[in-house]
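Have a look at the structure below, then the notes.
The values are calculated or read from the model by the stated rules, or taken from the named source; none is laboratory data. Owing to the predicted nature of the structure, the values given are computational and were not obtained by experimental measurement. So basically every Cβ, Gly included, is an ideal-geometry build from the backbone, and we count neighbours across all protein chains shown. All accessible areas refer to the heavy atoms of the entire protein, side chains included, with ligands and DNA or RNA removed. Shrake-Rupley method; radii C 1.70, N 1.55, O 1.52, S 1.80 Å.
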Amino acid sequence: MDMNAFSLKGKIAWITGASYGIGFAIAEAYAAAGATIVFNDRGQEQLERGRENYKAAGIEAHGYICDVTDEEAVQATLKKIEEEVGTVDILVNNAGIIKRIPMLEMTAEEFRQVVDVDLNAPFICAKAVIPGMIRKGHGKIINICSMMSELGRETVSAYAAAKGGLKMLTRNICAEYGEANIQCNGIGPGYIATPQTAPLRERQPDGSRHPFDQFIIAKTPAARWGTPEDLQGPAVFLASDTRNFVKGHILYVDGGILAYIGKQP
Ligand code: NAP
Ligand code: GCO
C-alpha cells in the first residue's frame, strides 16, 4: 500500500464553522496532510478570531463570512471560493449548535434553530459542493454527527433529532452520489472538551467535578473526555484516498461509550 494515499496534498478542504473547536482541529490535521484550508464563520469578528487562530498555528487559511443556514449565502460563498481558491474536494459539515432545554419548555422556534444549523445546513452545503465534485470526478463529504445520532438524553431533543437525521442524510448522499466517486461518511465524536460542552464540565461551587462530567467519565471506557485532536486521524482517514470503498459509514470516535453499559456507581 502506498502510504502517500493519506496525503491531502493538492486538495481544497472546506470545513464549516472551523474558527475553533473540533472544526479547527480537523483543519489543522488537513493542513498538515497538505490540504488548502477554507473555513467560514457567521460574522467579521468571529472570522477575525478564526484568522488569528490559523495564523498562530502557521496555517494560511481562506476565511469567509457565511451563515451556513442561508442557502443564498452558501451558494455565493462557494462561488467566491471557486474563483479565489478552487473547486472544493473535501467538505466537512462541522458547524453546529446545541440547545439544552427540556422538550416541554422548548419553543418550536428554538427546535427549528437547532435543526436548521445541524441538519438543514449540511444539506445546503453538500448540495452546493456536489456539482463541482461531479465535474472533478471525485469528492469527500464528512458530516460531524454525534453520540446523539444513536442515543437520546434529556434536554437535547432538537439536537438528537438533527444529528440522527444527519446520520441518514450521510447515508443518502452516499446512495445518490456514490457512483460519481463521491464518498460521504460521518464522524460521531463522543464527549469532546470544547466550548460547546464547557457547561457540562464546569467545576461546582465546592470545587467538585460537575455531575455530568463524573457521569461521562463513568460511561467512557477511556475514562476521559475526548479532545479535538482525538478526531484528527479519523478525519484525515475519511478525507484521504485510502478509503474510497468506505461509504455511508459513521465512524464513532467516542472512547468506547457506545460499546459500554457504564461503570457501576
Ligand atoms: P463549538 O465549539 O460550539 O463550535 C461550533 C462552531 O460552529 C463555531 O465555530 C460556530 O461559530 C460555528 N457555527 C455555529 N452556527 C453556525 C452558522 N449558522 N454558520 C456558520 N458557523 C456556525 O462546537 P464543537 O464542539 O467544536 O462542535 C463542532 C461540531 O461537532 C458540531 O457539529 C457539534 O454538534 C459536533 N459535536 C461536538 C461534540 C462535542 O462533544 N464537543 C461531540 C459530537 C459532535 P460561532 O463562533 O460564530 O458560533
Ligand atoms: C450533550 C453534549 C453532547 C455532545 C456530543 C456527544 O449535551 O449531550 O453536548 O451532545 O455535544 O454531541 O456526541
### Query
When region 175-205 is examined, which residues are found to be in contact with a Ser or Thr (Cβ under 9 Å, 6 or more places away or on another chain) and in a loop (DSSP other than H, G, I, E, B)?
GLY190, TYR191, ALA193, THR194
### Query
What is the one condition in (1) touching a Phe, Trp or Tyr at 6+ places or on another chain (Cβ under 6 Å); (2) crowded, with 22+ Cβ neighbours inside 10 Å; (3) under 23 Å from GLU229 (Cα atoms); (4) in contact (Cβ under 8 Å) with a residue 60 or more places away in the chain that ILE98 does not satisfy?
(2)
#### Entry: Which numbered condition TYR54 fails, given (1) over 20 Å from ASN143 (Cα atoms); (2) open to solvent by 10 Å² or more (accessible area, probe 1.4 Å)
(2)
### Any hit, region 162-177, residues being under 18 Å from TYR252 (Cα atoms), surrounded by 21 or more Cβ atoms within 10 Å (Cβ to Cβ), touching a residue at least 60 places away in the same chain (Cβ under 8 Å) and among the hydroxyl-bearing types (Ser, Thr, Tyr)
yes
### Query
Looking at ALA126, ALA73, which is the one that is away from ligand 2 (no atom under 14 Å from the Cβ), touching a strand residue (DSSP E or B) at 6+ places or on another chain (Cβ under 6 Å) and in a helix (DSSP H, G or I)?
ALA126
### Query
Where residues in region 23-50 are part of a helix (DSSP H, G or I) and hydrophobic (A, V, I, L, M, F, W, C), which of them is most open to solvent (accessible area, probe 1.4 Å)?
ALA32
#### Entry: The one condition in (1) at pLDDT 95 or above; (2) open to solvent by 20 Å² or more (accessible area, probe 1.4 Å); (3) more than 26 Å from GLN113 (Cα to Cα) that LEU238 fails to fulfil
(2)
### Task
For region 52-82, enumerate the residues that are among the polar types (S, T, N, Q) and closer than 12 Å to GLY17 by Cα.
THR69
### Query
What is the number of the single condition among (1) open to solvent by 70 Å² or more (accessible area, probe 1.4 Å); (2) within 27 Å of PRO234 (Cβ to Cβ); (3) aliphatic (A, V, I, L, M) that LEU91 does not meet?
(1)
### Task
Please specify each residue of region 138-148 satisfying the condition of being surrounded by fewer than 24 Cβ atoms within 10 Å (Cβ to Cβ), touching a residue at least 40 places away in the same chain (Cβ under 8 Å) and within 8 Å of ligand 2 (Cβ to nearest atom).
MET147
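What is the residue count in region 193-218 for residues that are among the aliphatic types (A, V, I, L, M) and either open to solvent by 70 Å² or more (accessible area, probe 1.4 Å) or out of contact with any Phe, Trp or Tyr (no Cβ under 7 Å at 6 or more places or on another chain) (or both)?
Final tally of qualifying residues: 3.
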